[in-house]
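Take a look at the structure set out below.
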Amino acid sequence: MRRALRAAALAVAGACFLAGCHPAASRPAPRGNLVTPAGRQDPAVFWNSATVYFLLTDRFLDGDSSNDRALGRARDGAVLRSFEGGDLKGVLRKVREGYFDRLGVTALWLSPFVEQIHGGVDEGTGRTYGYHGYWTRDWTAVDPALGTKADLQALVFAAHRHGIRVLMDAVINHTGPATAQDPAWPDDWVRSGPNCTYRDYATTVDCNLVATLPDVRTERDEPVELPAALVEKWRGEHRLDRERASLDAWFARTGHPRAPRWYIIKWLTDWVREYGIDGYRVDTAKHFGEGVSTELRAEAQSAFTDWKRAHPEEVLDNLPFYMVGEVYGWDPSQGRQYDYGDRAVDFFAHGYDGLINFGFKNDLRGPLDSVYTVYSAFLHTGALRGVTFLNYLASHDDGSPFDRDRRDPLGAATRLLLAPGTAQIYYGDELARPLRVEGAQGDANLRSDMNWGDLERGGATALILEHWRKLGRFRRVHPAVGAGEHRLLQAHPYIFSRILGSPGDTDRVVVAMDQGNGPKTIPVFGVFPDGTALTDGYSGATGTVTYGSVGIRSSYGLVLLGESTDDEGTNDSVVVYVRNDYAQPMDVIAIGGGTEYRMGTVSPGIPRRFVIRRDILATNRQVEFVIRGVGNGPQVRTGTLLLHAGDNEVDVQIETNLIGTRATVRP
């Protein structure tokens, strides 16, 4: 059920409500924090409990058909090897619709959006264009087939409004192939051979991944000039002087040599400084010197700090810039060291918060509790304590995905989203998007268009999505799922607990599988004391712990138990977006149950986002909003928000004569 409400304001000041609440100093706080923290302050806890949604922008959703034939690219590629029409506006539409919120997503990993080569090449699987984003032609431009810089800015801004971080896929190892339309990069920028043979460090790093991908000379420090083709391109776009001036200023400020890697690092970090990109997924991280990663991380953190300083009201929290690396073949059993054969490298000591776990889908062949127990031990007592790893079932270039034929999409979701460590959803996992396509060769099978049509038809696809959503929201609400310590409570039927006890972030959950339909009694002794009120995140049923157990009545075999939380994504939590068009900073107050809560200060023209917990919804679930000028400024009572049980989504418009306001209640 969806409702729209409107309430008239009584004053001249305007604000679009979005807030992070703390009780006013003169009032006692309700149990727990009034609002959900926008981000948990321990980076390892946050990222190990995070759910990252990885999408190929070109394959996700076409939000603007006018750019489908940008740059005159032909549709003469092999099956699924041309640009298909997906773009940044398509992703933006789904962010605004709340698609990712309802899936419990905390970060979007976008495939590279920089301008790709204009032509196509055949690497043995048919003519292919750079729809995937890994064949860079210009690191300073958004590929026109994906949209514009304004589209990117709107997407990042909207994601941040929803509390979702944005990760850029950063490519520094290679350029795109040379084609008839794409001049080769100069020899002092790239090497054209030999191809990598992976016998040792040198034959993995100082070489070309494949013959068609020129390898950037990231090891050299000698200055090089800008490629002539890039200069001419910028000249034709009437931005040569601006780009040269920006480079001159950056090199003068940093003192770095004008070597190939430093140009690219400058270009990559510009996206962070200008748009607030929250992190990188670093492509082919083991194929260039690890010192380059250290340099990239330092410059990215500097850029991130600059962006936060320039946009204080858009900052989600004080977490640092995030970097996760693609070190192909690494898994947690290797600890912090990746072995090249003749030397080992600790990538975590070279700028990386986390690495992609290439062993997860194979580990799932064993007993599930063994996987969960070992992974938890890695994160809490082993060499990986304080860092992160990212688990996945399917990806854009892994030819052996878990459950390739989508025979058990529900079981796949359960295994992934309840695993310790970061969870990566690959676009369409949640809709059982096919990973085999007739006529497609190689990795094109993994990169089909998002199957929105299946979802629109409902049926099995809608049921699959709902399962993923329930698990995803439970994971988001309870950081213990991904970051807590695992303990087996019962082997058959399988029951386990996770407890997270980091400072300021205590959380406990119990998960019971294969419980059958109808009433069930779940042992929780040693996790929840008697008298604790628990909610099943899967069915919504509630119960109270008695004699070390809790009774739950549901028609599902999966039970996700946690203390009733008021985080975004649970019943009657309210996301409030505030934009202040008044001439001075304004404090936003919420009044519920006769108690006044100061939500925060909103500066003129800069929106903020807050999440109100159910503690203040009070009798009849009514909340009254007040705007006050900071200090002794004017006070404005703006209207009331009345919520009703059973609403799936409620849009609320509270208007003044200057600006509208909008709040959303999510299930």
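In the set (1) out of contact with any Leu (no Cβ under 7 Å at 6 or more places or on another chain); (2) crowded, with 24+ Cβ neighbours inside 10 Å; (3) of a type in the set (A, V, I, L, M, F, W, C), L463 fails one condition alone, (2). Whenever a residue of region 299-314 is under 23 Å from Y263 (Cα atoms), its partners that are at pLDDT 95 or above and surrounded by fewer than 20 Cβ atoms within 10 Å (Cβ to Cβ), lying with C-beta atoms within less than 7 angstrom and at least six residues away or across chains, give the pairs Q301/P320; A303/R273; D306/R273; W307/R273. Of the listed requirements (1) crowded, with 17+ Cβ neighbours inside 10 Å; (2) not in a loop (DSSP other than H, G, I, E, B), P420 misses just one: (2).
To keep it simple, each residue is scored yes or no on (1) more than 29 Å from the chain's Cα centre (by Cα); (2) of a type in the set (A, V, I, L, M, F, W, C); (3) within 26 Å of Q41 (Cβ to Cβ).
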| position | (1), (2), (3) |
| --- | --- |
| G453 | no, no, no |
| A462 | no, yes, no |
| R469 | no, no, no |
| V477 | no, yes, yes |
| E485 | no, no, yes |
| M513 | no, yes, no |
| V524 | yes, yes, no |
| G537 | no, no, yes |
| T542 | yes, no, no |
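So, V231, is that one surrounded by 21 or more Cβ atoms within 10 Å (Cβ to Cβ) and part of a helix (DSSP H, G or I) or not? The answer is no for V231. Checked against (1) farther than 15 Å from F288 by Cα; (2) out of contact with any Leu (no Cβ under 9 Å at 6 or more places or on another chain), Y201 passes all but condition (1). Cβ separations smaller than 6 Å between residues 6+ apart or across chains give the following pairs from region 262-281 residues that are within 26 Å of V224 (Cα to Cα) and open to solvent by 10 Å² or more (accessible area, probe 1.4 Å) to residues that are among the charged types (D, E, K, R) and not in a strand (DSSP E or B): R273/D306.
Residues that are open to solvent by less than 40 Å² (accessible area, probe 1.4 Å) and hydroxyl-bearing (S, T, Y) within region 317-332 comprise just one, Y322. As a summary of the residue check, E123 satisfies the conditions (1) in contact with a Gly (Cβ under 9 Å, 6 or more places away or on another chain); (2) of a type outside the set (K, R); (3) at pLDDT 95 or above except for the one numbered (3).
Checked against (1) touching a helix residue (DSSP H, G or I) at 6+ places or on another chain (Cβ under 8 Å); (2) part of a helix (DSSP H, G or I), S376 passes all but a single condition, namely (1). Among the criteria (1) crowded, with 16+ Cβ neighbours inside 10 Å; (2) without any contact (Cβ under 8 Å) to a residue 60 or more places away in the chain; (3) assigned to a loop (DSSP other than H, G, I, E, B); (4) touching an Asp or Glu at 6+ places or on another chain (Cβ under 7 Å), the one P257 does not fulfil is (1).
Here E243 meets the list (1) part of a loop (DSSP other than H, G, I, E, B); (2) touching a residue at least 40 places away in the same chain (Cβ under 8 Å) almost entirely, failing just condition (1).
The residue pairs whose first member lies in region 121-144 and is on the phi > 0 side of the Ramachandran plot and buried (at least 17 other Cβ atoms within 10 Å of the Cβ), whose second member is polar (S, T, N, Q) and part of a loop (DSSP other than H, G, I, E, B), and whose beta carbons are closer than 7 Å, counting only pairs six or more residues apart or on different chains, are G126/Q441; G133/S111.
Which residues, counting only those in region 504-526, are in contact (Cβ under 8 Å) with a residue 60 or more places away in the chain and farther than 25 Å from S555 by Cβ? Within region 504-526, G504, D505 meet the criteria. Which of (1) open to solvent by 20 Å² or more (accessible area, probe 1.4 Å); (2) without any contact (Cβ under 8 Å) to a residue 60 or more places away in the chain does Q181 not meet, given it meets every other one? That leaves (2) as the condition not met.
Evaluate region 352-363: report whether one residue or more is touching a Lys or Arg at 6+ places or on another chain (Cβ under 7 Å) and either more than 23 Å from E485 (Cβ to Cβ) or not β-branched (V, I, T) (or both). Checked against the condition, which is being touching a Lys or Arg at 6+ places or on another chain (Cβ under 7 Å) and either more than 23 Å from E485 (Cβ to Cβ) or not β-branched (V, I, T) (or both), region 352-363 yields no hits at all. A count restricted to region 123-162 and to residues that are small (G, A, S) and either in contact with a His (Cβ under 7 Å, 6 or more places away or on another chain) or under 23 Å from S395 (Cβ atoms) (or both) stands at 6. Candidates are the residues of region 423-437 that are part of a loop (DSSP other than H, G, I, E, B) and touching a residue at least 40 places away in the same chain (Cβ under 8 Å); the one that is farthest from the chain's Cα centre (by Cα) is V437.
Taking the criterion of being at pLDDT 95 or above, surrounded by fewer than 19 Cβ atoms within 10 Å (Cβ to Cβ), out of contact with any helix residue (DSSP H, G or I) (no Cβ under 6 Å at 6 or more places or on another chain) and not β-branched (V, I, T), the residues of region 188-208 that qualify are D188, R191, P194, N195, R199, D200, Y201, A202, D206, C207. For region 352-367, give me the residue count where each residue is of a type in the set (S, T, Y) and open to solvent by 10 Å² or more (accessible area, probe 1.4 Å). Number satisfying all stated conditions: 0. Checked against the criterion of being open to solvent by less than 10 Å² (accessible area, probe 1.4 Å), closer than 23 Å to L560 by Cα and under 23 Å from the mean Cα position of the chain (by Cα), region 398-411 contains not a single residue that satisfies it. When you scan region 63-74, do you find a residue that is touching a helix residue (DSSP H, G or I) at 6+ places or on another chain (Cβ under 6 Å) and either farther than 27 Å from L465 by Cβ or open to solvent by 30 Å² or more (accessible area, probe 1.4 Å) (or both), even just one? Yes - at least one qualifying residue is present in region 63-74.
Counting only strands (runs of 3 or more DSSP E) that fall entirely inside region 481-548 and contain at least 1 residues that are closer than 16 Å to D369 by Cβ, the qualifying elements are 485-490, 495-502, 505-512, 518-523. Scanning region 162-178 for residues that are part of a loop (DSSP other than H, G, I, E, B), under 21 Å from R127 (Cα atoms) and open to solvent by less than 30 Å² (accessible area, probe 1.4 Å) turns up T175, G176, P177. Among the residues of region 370-382, just one is open to solvent by 60 Å² or more (accessible area, probe 1.4 Å) and among the aliphatic types (A, V, I, L, M), namely V374. When you scan region 439-453, do you find a residue that is open to solvent by 10 Å² or more (accessible area, probe 1.4 Å) and among the acidic types (D, E), even just one? Taking every residue of region 439-453 in turn, at least one turns out to be open to solvent by 10 Å² or more (accessible area, probe 1.4 Å) and among the acidic types (D, E).
Residues of region 376-414 that are over 21 Å from S448 (Cβ atoms) and aromatic (F, W, Y): F378, F389.
The values are calculated or read from the model by the stated rules, or taken from the named source; none is laboratory data. From a predicted model like this one, the values you see are computed outputs, not experimental measurements. Neighbour counts run over all protein chains shown; Cβ positions are idealised from the backbone, glycine included. Accessible surface is based on the protein model in full, side chains and every heavy atom, while ligands, DNA and RNA are left aside. Shrake-Rupley method; radii C 1.70, N 1.55, O 1.52, S 1.80 Å.
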